[in-house]
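**Q** My questions all concern the structure below.
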Amino acid sequence: MGHHIIKEVTQESFEFTGRAKMVAILLFVVGAILAGVGAMQVKSHMENPHQETAAEADHVKGATDHHLTLAQAESHGEATETHGSDSHGEEVHAAEGHHVSWMSRVWANLLLNSYYFWMFAVAAMFFIAVNYVANAGWAVMLKRIMEAQSSYLLVGSIILFAVVIGAKDTLYHWVQYFSSNAAGDPNNGGYDAILESKSWLLNNGSLFFFIPFVLIVWYLIRLKLRSNSIKEDSEGGMEMFRNSTRWSAFYIFFFAFSFSALSWLIIMSIDAHWYSTMFSVYNFAVSFVTGLSVMMLILLYLKSKGYMEMASDEMVHDLGKFMFAFSIFWGYIFLSQWLLIWFTNLPEETVYFNARLTEYYKPMFRLNIILSFLAPFLILMMRNVKRSPKVLLLAASVILIGHWVDIFLMVMPGTVGDHAGIGLLEIGTTVAFSGIFIYVVLNSLSKANLYTKNHPYILESANHDVGP
């Protein structure tokens with residue numbers, strides 16, 4: 001495109017100013033206060049029967065009806081037969097819905113946001129590894145942004161694990177079941193054949209050992225890649241690059257299996273009777289497109305402050321193309337999962353969407369499709385808009401809001417039913433988490449040069465050109 005050839009990359013260092021720190025801390029403090037006030041409002045509303053309509057009171061009893069399988073127990077304990085041929089091959093009794101309290105909604109919000117922000121770091125870590133394995137050169141100028149974003153993996157993993165353990169008795173029906181007398185006893189009226197068939201995964205061992213094991217392995221690999229990246233700045237040569245490529249290859253292999261299992265345990269098991277073979281891919285699509293959007297926001301922020309001038313419009317353009325492409329990919333996975341379940345029409349699968357297409361959740365279900373697919377598709381279609389900071393800021397913001405709604409729909413129907421909502425509790429919790437995330441990422445960004453000094457592809461990235 002006629003721009004001059006860059007032969008040397010001028011290093012830049014990001015300064016995490018006191019003002020920026022104060023903004024992040026204020027976000028956390030204000031968010032925590034709003035969440036606390038919102039929690040008290042929810043408590044007052046749910047514990048005061050005079051504030052509920054008769055219909056709402058009924059929802060307390062049946063908020064988790066969608067947990068029930070196709071075999072709804074009839075009046076005297078007789079179970080109906082499954083629709084068609086039940087893949088489990090057994091008569092299934094209905095599970096008792098867990099009690100919904102104001103703390104259920106608090107825990108549900110903590111789970112939603114801890115998982116949501118954690119996924120940004122997961123996506124950044126995956127993108128680093130993919131670029132190493134693919135020998136990709138175009139994004140090397142963005143590598144320190146990816147590393148800073150992935151730095152939230154430690155804090156995010158600790159918070160997520162703490163929330164899962166703290167909320168297990170409140171949000172996960174299968175935890176309640178396996179703690180009851182019905183577990184393992186086919187003669188008990190509360191015996192649940194579907195949950196029994198999933199006991200190999202749904203157990204305390206998975207919660208207390210498998211989840212932390214995976215998170216620790218991921219973080220140790222992240223530390224190794226970061227260490228290699230810093231050493232590369234001072235030592236040069238190809239040793240660090242080759243070592244990082246080997247670790248990245250292992251990480252991607254391990255990630256494929258471990259991320260799937262984590263998404264099943266942490267999110268899919270909320271609706272313990274339901275399953276989808278596409279669920280982990282769906283969650284990966286959510287993680288990656290939101291992670292790319294956060295990466296874009298960080299890049300635009302740095303450019304607005306006078307940093308990363310060597311990150312060209314072509315690089316911004318390509319990152320915008322990734323956002324566009326993976327918004328379409330998310331739409332494809334969403335539609336594929338929907339069509340497969342709709343076409344087979346098996347009650348043990350359709351129960352998931354049935355709970356999300358009630359009059360209560362249908363508006364958010366539609367909003368999710370608009371914000372997560374339709375709006376980004378229309379906004380980012382044209383070539384030139386993927387070079388416009390204002391349009392990219394809009395697109396990234398829409399994508400992030402859309403997928404917050406997406407995870408809201410994954411978590412809330414199975415945990416609090418029709419007692420979900422978007423109020424001070426939801427807004428405050430999200431703002432508080434954003435404060436933590438911003439502080440951790442910007443602090444990490446200030447710990448190293450904004451460009452990797454001796455990466456073998458740094459000049460290729462600096463001279464990246466997508467053509468006319």
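**Q** Helix-only mean residue ellipticity at 222 nm, the chain, DSSP H runs n ≥ 4 weighted -39,500 (n - 2.57), per residue, nearest 500. What is it?
**A** Value at 222 nm, helices only, nearest 500: -21500 deg cm²/dmol.
**Q** Turning to a different aspect of this structure: Round to a whole number: what % of the accessible area of the chain belongs to carbon and sulfur, probe 1.4 Å?
**A** Within the chain, the accessible surface is 63 percent carbon and sulfur.
**Q** Here's another thing I want to ask about it. Ordered by packing density, taken as the mean number of other Cβ atoms within 10 Å over each peptide's residues, highest first, how do 152-163, 412-423, 14-25, 219-230 rank?
**A** Taking the mean over residues of other Cβ atoms within 10 Å, the ranking is 412-423, 152-163, 219-230, 14-25.
**Q** Explain nothing, just compute: Karplus ³J(HN,Hα) = 6.51 cos²θ - 1.76 cosθ + 1.60, θ = phi - 60°, for every residue of region 108-125 in order, whole Hz, x for Gly and Pro.
**A** 4, 5, 5, 5, 4, 6, 5, 6, 4, 6, 4, 5, 4, 5, 4, 5, 5, 4
**Q** Residue farthest toward the positive end of the dipole of the chain, with Cβ of Lys/Arg at +1 and Asp/Glu at -1: which of A183, I211, M323?
**A** M323
**Q** For K305, go through the lysines and keep the ones whose alpha-carbon is under 16 Å away, minus same-chain ones fewer than eight residues off.
**A** The reachable lysines, counting only those whose Cα sits under 16 Å from K305, are K21, K390.
**Q** To continue, here is another question. Taking the Cα centre of the chain as origin, sum charge times position over the Cβ atoms of Lys and Arg (+1) and Asp and Glu (-1), and report the length of that vector in debye to the nearest 20.
**A** Result for the chain is approximately 2320 debye, rounded to the nearest 20.
**Q** Let me ask another. Take L220 and K321, extend 7 Å from each Cα along the Cα→Cβ direction, and tell me the distance between the two endpoints in nm.
**A** Distance between the two pseudo-spin positions: 3.8 nm.
**Q** Just going by the charge dipole of the chain, with Lys and Arg at +1 and Asp and Glu at -1 on Cβ, which of A162, H273, S388 is farthest out on the positive end?
**A** Final value for the positive-end residue is S388.
**Q** Further, regarding this structure: Taking θ = phi - 60°, what integer Hz values does the Karplus form 6.51 cos²θ - 1.76 cosθ + 1.60 yield along region 316-331, in sequence order, with x for Gly and Pro?
**A** 4, 4, 5, 5, x, 5, 5, 4, 4, 5, 7, 5, 5, 4, 4, x
**Q** With every protein chain kept in place and ligands, DNA and RNA left out, what is the accessible area per residue of region 153-237? Probe 1.4 Å, answer in Å².
**A** I get 44 Å² per residue for region 153-237.
**Q** Could you go through region 390-398 in sequence order and give the Karplus-derived ³J(HN,Hα) for each residue, using 6.51 cos²θ - 1.76 cosθ + 1.60 with θ = phi - 60°, rounded to whole Hz, and x for Gly and Pro?
**A** Result, ordered by residue: 5, 5, 5, 4, 5, 4, 5, 5, 4 Hz.
**Q** Under a 5 Å amide H to amide H cut-off, with H placed in plane at 1.01 Å, what residues pair with N454 once short-range neighbours are removed?
**A** D233
**Q** Moving on. Checking the cross-link filter: which lysines have an alpha carbon closer than 17 Å to that of K231, excluding same-chain neighbours under 8 positions apart?
**A** Hits, sequence-local ones excluded: K143, K447, K453.
**Q** So what is the relative contact order for the chain, in percent, with contacts set as C-alpha pairs under 8 Å and at least six apart?
**A** 35 percent
**Q** Region 185-319: D in µm²/s via Stokes-Einstein (Kirkwood Rh, Cα pairs, 10 °C, 1.306 mPa s)?
**A** Approximately 85 µm²/s, per Stokes-Einstein.
**Q** Give the share of C-alpha pairs in each 5 angstrom bin for region 275-430, from 0 to the last occupied bin, in whole percents, shortest bins first.
**A** Pair shares across the bins are 2, 9, 17, 19, 17, 14, 10, 7, 4, 2, 0, 0.
The values are calculated or read from the model by the stated rules, or taken from the named source; none is laboratory data. It should be emphasised that the depicted structure is a prediction, and the values quoted were computed from it without experimental measurement. Ideal geometry is used to build each Cβ from the backbone, glycine not excepted, and the neighbour counts take in all protein chains shown. Calculation scope for accessible area: heavy atoms of the full protein, side chains included, ligands and nucleic acids excluded. Shrake-Rupley method; radii C 1.70, N 1.55, O 1.52, S 1.80 Å.
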